[in-house]
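Here's the structure we're looking at; comments come further down.
Each value in this text was obtained by applying a stated rule to the coordinates, not by laboratory testing. All figures in this text were calculated on a predicted structure; none of them were measured in a lab. Here the Cβ is made from the backbone with ideal geometry for all residues, glycine too, and neighbour counts use every protein chain on show.
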Amino acid sequence: MKIYEDEKQCYIKAALAMGTTEEQEQLRKNLDTIDWSVLEHISKKETVNERGVFAPLDAVEVSEIEARSEEFKAAGLKAIREGKVGAVLLAGGQGTRLGLDKPKGTLNIGVTKDRYLFEQLTLNLMEVTDEAGVYVPLYVMTSNINHKDTVEFFEEHDYFGYPKEYVKFFIQEMTPACDFEGRVYMESKTEVAMSPNGNGGWFSSLVKSGLIEDIHARGVEWLDVFAVDNCLQRIADPCFVGATIVSGKESGAMVVRKAAPDEKVGVLCTEDGKPSIAEYYEMTEEMATLRKENGELAYGFGVILNYLFPVKKLEEIVDAHMPIHVVEKKIPHMDTEGNFVKPEAPNGCKFETLVLDMVHMMDSCLPYEVVRERAFAPIKNLHGVDSLDSARELLKGCGVEI
Ligand code: UTP
């Protein structure tokens, strides 16, 4: 059955009823190009996949990192200077919690002067490239929704002083969004309300864009993947890169020590012997409060969306199936009367694959502890927890003039 023949699909039906003959034809054509299989996940919500047996995974902790910093840093700088390290900025999200109409990276986080999030991230990266004496290629993932604005912003600001030939953009794919009952929302009389398909498809989108050729041509062997919204983000950090290489582990993940057993972060652990991230809602009380002999939490380190993956392995797993997560979000849409609705609260679901699920596809992963106050200032909201306000305080605490 075609999606527009399904009686339940009231938004599609209404759009068809409102459209002219040409618009109806256009809409049917568009509907036929969309993969609707994601809708099957609507009843599954967050229980996306059966989980295996979790076990704690020890991190390389700050004390050890400090003691071995010269060794780690030298190994990381060597790889960077040999051109083996690239960085991937995940900037395809919609930042619905922040409520900006523009790409999240264009947010002005400055207080006494303009300082854009994209600019701050570039400055963070330049601390590394200045020290290494070479540039690190930066691949920026955008989505159809923010691509043009993102590229224009970098252009207008002269790439914040980073050489343009080292910055490449690619666009991620989109999936349909629907209400809580699985009724697909419409954007207009001819277009479905589509949203970015999560940050898990970044490598496959990068390959599809052809940029993998650039990675091969430059001899990049490692990709440091990171989120746009952490303004203290350490990018291609030599110590992190070096520690991962020296450890002989296949991949690395920056982690922060959990503030409390019930903190809502995904913790890095093992699942059936392979590295994995247990989301806070997947942890039993027993797991969350389990302590090691020294009194520290056994599942004590949360991920902050900064991973180091080897290109070779990424190419091996590029076609692998990734779990689909159903995420409740605010979805602007055209209602059945033809009015455009901008909801104040989540009104439906999007379907996303997540980069954290890639960790489980690695044979091993080094949890690398960073000090929260120095490396983790996420901006998810304007005020309150993980907000522009809290990030500004954290930046100031690190001596960054904003
Ligand atoms: P979030 O999970 O915070 O999602 O993204 P978001 O879309 O930015 O914000 P909300 O949830 O709507 O408020 C974490 C990181 O993953 C990127 C984001 O840009 C951010 O860097 N991301 C997210 C993508 O690149 N693509 C996506 O489809 C989703």
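In this structure, does Pro332 turn out to be more than 13 Å from Phe203 (Cα to Cα), surrounded by fewer than 22 Cβ atoms within 10 Å (Cβ to Cβ) and within 13 Å of the ligand (Cβ to nearest atom)?
yes
Can you find a residue that is assigned to a helix (DSSP H, G or I) and away from the ligand (no atom under 16 Å from the Cβ) anywhere in segment 179-200?
So far as segment 179-200 goes, no, none of its residues is assigned to a helix (DSSP H, G or I) and away from the ligand (no atom under 16 Å from the Cβ).
Among the residues of segment 107-119, how many are of a type outside the set (Asp, Glu) and either touching a strand residue (DSSP E or B) at 6+ places or on another chain (Cβ under 6 Å) or more than 19 Å from Phe226 (Cβ to Cβ) (or both)?
The total comes to 6.
Can you name the condition, by its number, that Thr142 falls short on among (1) more than 14 Å from the ligand (Cβ to nearest atom); (2) of a type in the set (Val, Ile, Thr); (3) touching a helix residue (DSSP H, G or I) at 6+ places or on another chain (Cβ under 7 Å); (4) in contact (Cβ under 8 Å) with a residue 40 or more places away in the chain?
(1)
Which of the residues that make up segment 292-323 are at positive phi and away from the ligand (no atom under 16 Å from the Cβ)?
The one that is at positive phi and away from the ligand (no atom under 16 Å from the Cβ): Gly295.
Could you say whether any residue in segment 6-19 is surrounded by 15 or more Cβ atoms within 10 Å (Cβ to Cβ), within 21 Å of Lys329 (Cβ to Cβ) and touching an Asp or Glu at 6+ places or on another chain (Cβ under 6 Å)?
Taking every residue of segment 6-19 in turn, none turns out to be surrounded by 15 or more Cβ atoms within 10 Å (Cβ to Cβ), within 21 Å of Lys329 (Cβ to Cβ) and touching an Asp or Glu at 6+ places or on another chain (Cβ under 6 Å).
Quick check on this structure: which one of Asp130, Asp149 is surrounded by fewer than 22 Cβ atoms within 10 Å (Cβ to Cβ), part of a helix (DSSP H, G or I) and within 16 Å of the ligand (Cβ to nearest atom)?
Asp149
Given the conditions (1) crowded, with 22+ Cβ neighbours inside 10 Å; (2) touching a helix residue (DSSP H, G or I) at 6+ places or on another chain (Cβ under 9 Å), which single one is not true for Lys274?
Result: Lys274 fails condition (1) only.
Take the residues in segment 342-378 that are within 15 Å of the ligand (Cβ to nearest atom) and of a type in the set (S, T, N, Q); name whichever of them is farthest from Gly99 (Cα to Cα). If you could, list the steps in order and put the result at the bottom.
So the first thing to find is which residues in segment 342-378 are within 15 Å of the ligand (Cβ to nearest atom), and the list is 342-359, 376-378.
Still in the running and of a type in the set (S, T, N, Q): 347, 353.
Details: Asn347: 15, Thr353: 22 Å.
Within segment 342-378, the match that is farthest from Gly99 (Cα to Cα) is Thr353.
Which numbered condition trips up Phe170, out of (1) touching a Leu at 6+ places or on another chain (Cβ under 6 Å); (2) surrounded by fewer than 19 Cβ atoms within 10 Å (Cβ to Cβ)?
Result: Phe170 fails condition (2) only.
Is there any pair linking a residue in segment 291-316 that is more than 26 Å from Ile245 (Cβ to Cβ) to one that is part of a strand (DSSP E or B) and basic (Lys, Arg), with Cβ under 8 Å and at least six apart or on different chains, and which?
Leu297/Arg291; Ala298/Arg291
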